[in-house]
Amino acid sequence: MANRGRVGEVSAETALATLRAACEAGTTLLDTADVYGLLAGHYTRATVFPADDHRTFHRDGQQFNVGETFAGLPFEKGVDLADALKLMVPAGRSLPELALRWCFDLDTVSAIIPGARNPQQARANARVSALRPLGPELHARLSDFYTREVEAQIRGSY
């Protein structure tokens, strides 16, 4: 099982123990993957969203939990992190495929609910289930990246 750092205000150890207990009890766990947000890899620091888009008016938690926009990351930092993740994407795969396959590979996740804005994205999401697992070395690199680069940047509960 991968160590994803903290989950909300719970320590990683507590979260992992809870996940293991849920799995042992036969509980189905879901993971939502926002692969068409920052993990699509299309945004730059110069990206501007419409004024009525929550990514503009709620960027710093003005309306609700800051953790619900860009997973609690400051937008510019999220763009930088997504750019850094691109360097870890295996040849022939995309950043969204990496993110979804990472979720599929977790033994505590039995279903993933990714977003899709069109049929092409939905079909691409479905194809990820047939891709080979990422492998232990890449999972270790991703876990290390999260711990070193991402975890301390997250604001609010998630």
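Only one residue in Arg45, Arg117, Arg123, Arg20 is surrounded by fewer than 13 Cβ atoms within 10 Å (Cβ to Cβ), outside any loop (DSSP other than H, G, I, E, B) and not small (Gly, Ala, Ser). Which one?
Details: Arg45 fails: outside any loop (DSSP other than H, G, I, E, B); Arg117 fails: outside any loop (DSSP other than H, G, I, E, B); Arg20 fails: surrounded by fewer than 13 Cβ atoms within 10 Å (Cβ to Cβ).
Result of the check over Arg45, Arg117, Arg123, Arg20: Arg123.
Of the conditions (1) out of contact with any strand residue (DSSP E or B) (no Cβ under 7 Å at 6 or more places or on another chain); (2) over 15 Å from Ala40 (Cβ atoms); (3) of a type in the set (A, V, I, L, M), Leu95 fails just one. Which one is it?
(2)
State which residue is farthest from the chain's Cα centre (by Cα) when the search covers only region 128-158 and only residues that are aliphatic (A, V, I, L, M) and either closer than 17 Å to Ser94 by Cβ or in a loop (DSSP other than H, G, I, E, B) (or both).
Taking region 128-158 first, the residues aliphatic (A, V, I, L, M) are 128, 130-131, 134, 138, 140, 142, 150, 152, 154.
Filter again for either closer than 17 Å to Ser94 by Cβ or in a loop (DSSP other than H, G, I, E, B) (or both), leaving 128, 130-131, 134, 138, 142, 154.
Working: Val128: 15, Ala130: 19, Leu131: 18, Leu134: 15, Leu138: 15, Leu142: 11, Ile154: 12 Å.
Step by step, filter region 128-158, then rank; the result is Ala130.
How many residues are farther than 11 Å from Arg101 by Cα, of a type outside the set (Asp, Glu) and in contact (Cβ under 8 Å) with a residue 24 or more places away in the chain if we restrict to region 126-158?
The initial filter retains those residues of region 126-158 that are farther than 11 Å from Arg101 by Cα, namely 136-138, 140-158.
Applying the additional criterion that residues be of a type outside the set (Asp, Glu) yields 136, 138, 140-143, 145-148, 150, 152-158.
Add one more test, that the residue is in contact (Cβ under 8 Å) with a residue 24 or more places away in the chain, and what stays is 138, 141-143, 145-147, 150, 153-158.
Residues in region 126-158 being farther than 11 Å from Arg101 by Cα, of a type outside the set (Asp, Glu) and in contact (Cβ under 8 Å) with a residue 24 or more places away in the chain: 14 in total.
Could you tell me which numbered condition Val35 fails, if it satisfies all but one of (1) at pLDDT below 85; (2) outside any loop (DSSP other than H, G, I, E, B)?
(2)
So, Gly5, is that one surrounded by fewer than 17 Cβ atoms within 10 Å (Cβ to Cβ), at pLDDT below 80, under 18 Å from the mean Cα position of the chain (by Cα) and at positive phi or not? Outline the logic, then answer.
On the way: surrounded by fewer than 17 Cβ atoms within 10 Å (Cβ to Cβ): yes; at pLDDT below 80: yes; under 18 Å from the mean Cα position of the chain (by Cα): yes; at positive phi: yes.
So Gly5 fits the description; yes.
Condition check ((1) farther than 19 Å from Gly156 by Cβ; (2) among the aromatic types (Phe, Trp, Tyr); (3) in contact (Cβ under 8 Å) with a residue 24 or more places away in the chain; (4) surrounded by 19 or more Cβ atoms within 10 Å (Cβ to Cβ)) across all residues:
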residue	(1), (2), (3), (4)
Arg55	no, no, no, no
Asn65	no, no, yes, no
Thr69	no, no, no, yes
Gly72	no, no, yes, no
Gly78	no, no, yes, yes
Val89	yes, no, no, no
Gly92	yes, no, no, no
Leu98	yes, no, yes, yes
Leu106	yes, no, yes, no
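The values are calculated or read from the model by the stated rules, or taken from the named source; none is laboratory data. These numbers come from a predicted model, not from an experiment. Glycine also receives a Cβ, built like all others from the backbone with ideal geometry; neighbour counts cover every protein chain displayed.
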